[in-house]
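Participant: Right, I'll just put the structure down here and ask away after.
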Amino acid sequence: MKISKEEVEHIAKLARLEIDEKEKERFAHQLSDVLNHMEKLDQLDTEYVEPTSHILPIHNVFKGDEIKEVFPMADPLSNAPQKDHGHYRVPKIVE
Amino acid sequence: MNLYELTIHQLQKMLRSGEVTSVDVTKAIYERINDVDKEIHAYISLTREMALEQAEDADRKIKEGGDIPPLLGIPLAIKDVLCIEGVKTTCGSKILSNFIPPYDATVIKRLKANGAIFLGKTNMDEFAMGSSTETSYFGITRNPWSLQHIPGGSSGGSAAALAADECIGALGSDTGGSIRQPAGCCGVVGMKPTYGRVSRFGLVAFASSLDQIGPMTKDVTDTAILMNVISGRDLLDSTSLDVRVPDFTAALRDDVKGLRIGIPREYFVEGMDPEVEDSVSDAIRLLERLGASSREISLPHTDYAISTYYLLASAEASSNLARYDGVKYGYRTDDSNDIMHMYKKTRENGFGAEVKRRIMLGTYALSSGYYDAYYLKAQKVRTLIKDDFDKAFKGCDVLIVPNAPTPPFKIGEKMNNPLQMYLSDIFTISVNLSGIPAISIPCGFSKEGLPIGMQIMGRHFDEETILRIAYTFEQNTDYHLQKPKIKL
C-alpha cells in the first residue's frame, strides 16, 4: 500500500492535525512502510471468524438509576485554557 | 544497606518494628533522587511536600498503633499517566503539560486508603506510545545499568526509578508491553494483570480494549502486595470485573512441583539474540529441576500480532485522543482566530511525532473505505490470536517466553524507523490482545551487563500461578538482588 501526499492531507484533515510539507512527505513514507507490513493480515482467511472488540465476557453493564455520591464534582472550569462568565471561551464558531 | 534500597516488604517490617520512620526513608529517597536523577531522569515531577506530609501522618499512625494498612508509610513512584488529585498529570505530552486533575484515579484512591506515599510522577513515552521512553515531551530517561541504553517503555521512568533505587515500589500501565518490557530492560519485576482485574478510572486512555494498570517492583513479593491493593471491581470502570480478589501473597510459595510450562516455538525464532535465548532456556531448565514440566507448544498466529496490535491500538488511540482539542483543559495554541484553525494548531503543537503518526494510522484504518480492510480485519485476527492462547492453556498452566528479542537497545537507535521500533514489541503485545495476565522478571544479564527479562503468562484471572512460579524462580536465583553501578 502506497500512501500519497494527498491521502496524508485527507487523513490529517479528518484527524484535525495541521501538518507541514516536510512532515507530509515523511508521514507518507512511514505510513506506507507500516501499512505494507500490515498487509500480512491478508494472508489469513477470516471470512467465518467473529471479530473481537474486547476480551471480557460482558456486553452492556447497567447501573441502577440511583443517586449516589460516587465522584466529587470539582470546578469543571479549573483547567480551562480560557473561560468567561462560567463558560469555556473559544474562537468564533458561527459568523 | 541504604534506606532507599529497601523493598516494600522489608520496609513494612522495619516501619512496624519502629526501626525506621517513614519520614527518614522518604527523605533518604529524595536525597538519592537528588544524587542520581540528573543522569537517569526517571521523574517528570516530584511531590516532595505532599510526600513528607503523608510520611509524617504515617509515622503518627504507626506510633498510635492499631490497625496498620499494608502500605502505610511506603513511598511509591507513579507513572504520569495516572491522575492524582491536585498533582500535575502530563502523560509525557505538551498537550497535558499544565493539566491538574481534580480527582484521583481509582488505583490512587486505593493506594491512599492503604497508606501509600507518592514521591512523584515518572517519565513515559508520550501517551504511553513507545517502547523506549524517548518520545516524552519532558526528555528521555536513561537505563541505570548503562546510560547509553534505553530503559524500555513506555513505563521507562517507573522501571528506571526502581533500578536506580529512586523509589520503593511503582505503578505503570501496559497497553502492548509497557510494564513488562521496561521491567525487563531495567532488571526489575513488572506485572500486567488480567484485563478487567484493575480499574482504569483515572488512567489517561490510550487503547481502551488493551490498557491495564499494574505494579512494578523490586521483587515478586512486592508485586503481590500491590496487586492485593489495586485489584477489584470499581463502578467507575464498567470493564473492571466482579471477580474474586484472592490474597496474592498466599500464592508466594517456593514450589512448582507438577506445574506445566508451555514453550511456544514461535517465540524462539531465528534472529533472536543468543544471550536472551540462553537465559530464558536456562530459567526453564531450572524450573524443571525444581519440579515443573515443560513442553513445546504452538501459537500459530504470533506472526500476525504486531500488525493486529498496531492497527487496533492506533485506531482506538485516534478516537481516545480526539478529546485533546484545546477547549476544556490542557494546552491551547495562542494563534487562533477560528475554531478549526484552533483545533488543528493546538494538536499540531501539542502532540509529538509518534503520537501524530499513530493518530494518522488509526484515523486511516477507521476511515471510510478502509474500515473493513484494516480495522475489522484486525479485530478478526485478534480472535484467532486469542483462540491460540485458549488452546495452549488447555494443556499448560503457564507459558514462558522472552521479554524482547534483544537486550535493551541504544538510545536513538530506532527513533527514525517506527516500523523497527514496533517490531521490538513482538513478544509482549499478544498478551494484551488476548487479555491474559503476564509478569516480567529478571533472568540474566548480557555480556555487556544489561538485564534480560522473561515473561510468565497465565490464564485469565490466574495471576496466582504466575506469581507462584515467579516467586519460586526468584527464591532460587539472585538476579533480582543485583544493583547497577550508576556512572555519575
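The values are calculated or read from the model by the stated rules, or taken from the named source; none is laboratory data. Computed from a predicted model, the values in this text were never measured in an experiment. FYI the Cβ positions are ideal-geometry reconstructions off the backbone, even for glycines, and counts take in every protein chain you see. Remember, those area values only see protein heavy atoms, side chains included, never the ligands or the DNA or RNA. Shrake-Rupley method; radii C 1.70, N 1.55, O 1.52, S 1.80 Å.
Condition check ((1) within 7 Å of chain A (Cβ to nearest Cβ); (2) of a type in the set (A, V, I, L, M); (3) open to solvent by less than 30 Å² (accessible area, probe 1.4 Å)) across all residues:
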position	(1), (2), (3)
B:N337	yes, no, no
B:M340	no, yes, no
B:T346	no, no, yes
B:G350	no, no, yes
B:D372	no, no, no
B:R382	yes, no, yes
B:K391	no, no, no
B:C396	no, no, yes
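Participant: Does B:K380 satisfy being in contact with a Pro (Cβ under 6 Å, 6 or more places away or on another chain), in a helix (DSSP H, G or I) and either basic (K, R) or under 30 Å from B:P151 (Cβ atoms) (or both)? Show your work before the answer.
Facilitator: Values: in contact with a Pro (Cβ under 6 Å, 6 or more places away or on another chain): yes; in a helix (DSSP H, G or I): yes; either basic (K, R) or under 30 Å from B:P151 (Cβ atoms) (or both): yes.
Answer is yes for this residue.
Participant: So, one more: Can you name the number of the only condition in (1) under 22 Å from B:T141 (Cα atoms); (2) in a loop (DSSP other than H, G, I, E, B) that B:L72 fails?
Facilitator: Every listed condition holds for B:L72 apart from (1).
Participant: Let me ask another. Which one is nearest to B:M50 (Cα to Cα), of the residues in region B:90-131 that are surrounded by 24 or more Cβ atoms within 10 Å (Cβ to Cβ) and hydroxyl-bearing (S, T, Y)?
Facilitator: B:T122
Participant: Can you tell me which residues in region A:65-95 are more than 27 Å from B:K344 (Cβ to Cβ) and open to solvent by less than 50 Å² (accessible area, probe 1.4 Å)?
Facilitator: If the condition is that a residue be more than 27 Å from B:K344 (Cβ to Cβ) and open to solvent by less than 50 Å² (accessible area, probe 1.4 Å), then A:A74 is the only one that fits.
Participant: Select from region A:20-55 the residues that are part of a loop (DSSP other than H, G, I, E, B), within 7 Å of another protein chain (Cβ to nearest Cβ) and within 23 Å of B:L321 (Cβ to Cβ) and list them in ascending order.
Facilitator: Here is the first cut: in region A:20-55, the residues part of a loop (DSSP other than H, G, I, E, B) are A:20, A:44-55.
Next cut, within 7 Å of another protein chain (Cβ to nearest Cβ) only: A:44, A:46, A:49-55.
Once the filter is applied, which keeps residues that are part of a loop (DSSP other than H, G, I, E, B), within 7 Å of another protein chain (Cβ to nearest Cβ) and within 23 Å of B:L321 (Cβ to Cβ), region A:20-55 yields A:P51, A:T52, A:S53, A:H54, A:I55.
Participant: Across region A:59-69, what is the number of residues that are closer than 30 Å to B:Y374 by Cα and at the interface with chain B (Cβ under 7 Å from one of its Cβ atoms)?
Facilitator: Here is the first cut: in region A:59-69, the residues closer than 30 Å to B:Y374 by Cα are A:59-61.
Narrowing further to those that are at the interface with chain B (Cβ under 7 Å from one of its Cβ atoms): A:61.
Total meeting the criteria: 1.
Participant: In this structure, does A:P72 turn out to be at pLDDT below 80 and at the interface with chain B (Cβ under 9 Å from one of its Cβ atoms)? Walk me through it before giving the result.
Facilitator: Working: at pLDDT below 80: yes; at the interface with chain B (Cβ under 9 Å from one of its Cβ atoms): yes.
Here the answer is yes, as A:P72 does meet what is asked.
Participant: Given the structure, is B:P405 under 21 Å from the mean Cα position of the chain (by Cα) and open to solvent by 10 Å² or more (accessible area, probe 1.4 Å)?
Facilitator: Details: under 21 Å from the mean Cα position of the chain (by Cα): yes; open to solvent by 10 Å² or more (accessible area, probe 1.4 Å): yes.
So B:P405 fits the description; yes.
Participant: To continue, here is another question. Against the definition (among the aliphatic types (A, V, I, L, M), closer than 21 Å to B:V229 by Cα and either over 23 Å from the mean Cα position of the chain (by Cα) or at pLDDT 95 or above (or both)), how does B:I62 come out, yes or no? Let's see the steps before the verdict.
Facilitator: Details: among the aliphatic types (A, V, I, L, M): yes; closer than 21 Å to B:V229 by Cα: yes; either over 23 Å from the mean Cα position of the chain (by Cα) or at pLDDT 95 or above (or both): yes.
It is true that B:I62 is among the aliphatic types (A, V, I, L, M), closer than 21 Å to B:V229 by Cα and either over 23 Å from the mean Cα position of the chain (by Cα) or at pLDDT 95 or above (or both).
Participant: Restricting to region B:352-363, what's the tally of residues that are more than 7 Å from every other protein chain (Cβ to nearest Cβ), open to solvent by 10 Å² or more (accessible area, probe 1.4 Å), of a type outside the set (D, E, K, R) and in contact with a Ser or Thr (Cβ under 7 Å, 6 or more places away or on another chain)?
Facilitator: 1
Participant: How do the pairs read when you match residues in region B:1-30 that are touching a residue at least 60 places away in the same chain (Cβ under 8 Å) and closer than 20 Å to B:D219 by Cβ with residues anywhere that are among the basic types (K, R) and surrounded by fewer than 22 Cβ atoms within 10 Å (Cβ to Cβ), using Cβ under 8 Å and keeping only pairs 6 or more apart or on different chains?
Facilitator: What qualifies is B:N2/B:R32; B:Y4/B:R32; B:E5/B:K483.
Participant: For region B:165-254, give me every one of the strands (runs of 3 or more DSSP E) that falls completely inside it and has 2 or more residues that are of a type in the set (S, T, N, Q) and crowded, with 24+ Cβ neighbours inside 10 Å.
Facilitator: Working: elements: B:169-174, B:189-192, B:212-217.
Per the criteria, B:212-217.
Participant: Going by what's in this entry, would B:M457 be described as more than 10 Å from every other protein chain (Cβ to nearest Cβ) and at pLDDT below 95?
Facilitator: Here the answer is no, as B:M457 does not meet what is asked.
Participant: Would you call B:A55 among the small types (G, A, S), in a helix (DSSP H, G or I) and more than 24 Å from B:P101 (Cα to Cα)? Show your work before the answer.
Facilitator: Numbers: among the small types (G, A, S): yes; in a helix (DSSP H, G or I): yes; more than 24 Å from B:P101 (Cα to Cα): no.
It is false that B:A55 is among the small types (G, A, S), in a helix (DSSP H, G or I) and more than 24 Å from B:P101 (Cα to Cα).
Participant: All but one of (1) open to solvent by 30 Å² or more (accessible area, probe 1.4 Å); (2) assigned to a helix (DSSP H, G or I); (3) not hydrophobic (A, V, I, L, M, F, W, C) hold for B:S314, so report the exception by its number.
Facilitator: For B:S314, the exception is condition (1).
Participant: Moving on to the next point. Out of the residues in region B:412-452 meeting the condition of being assigned to a loop (DSSP other than H, G, I, E, B) and of a type in the set (V, I, T), tell me which one is surrounded by the fewest Cβ atoms within 10 Å (Cβ to Cβ).
Facilitator: Step one: list which residues in region B:412-452 are assigned to a loop (DSSP other than H, G, I, E, B), which gives B:412-417, B:424-428, B:435-437, B:446-450.
This time we only want the ones that are of a type in the set (V, I, T), so: B:426, B:428, B:436.
On the way: B:I426: 22, B:T428: 29, B:I436: 28.
In this case the residue turns out to be B:I426.
Participant: Here's something else I'd like to know. Look at B:K377 and say whether it is touching a helix residue (DSSP H, G or I) at 6+ places or on another chain (Cβ under 6 Å), open to solvent by 20 Å² or more (accessible area, probe 1.4 Å) and farther than 24 Å from B:P182 by Cα. Don't jump to the end; show me each part of the working.
Facilitator: Working: touching a helix residue (DSSP H, G or I) at 6+ places or on another chain (Cβ under 6 Å): yes; open to solvent by 20 Å² or more (accessible area, probe 1.4 Å): yes; farther than 24 Å from B:P182 by Cα: yes.
The answer is yes for B:K377.
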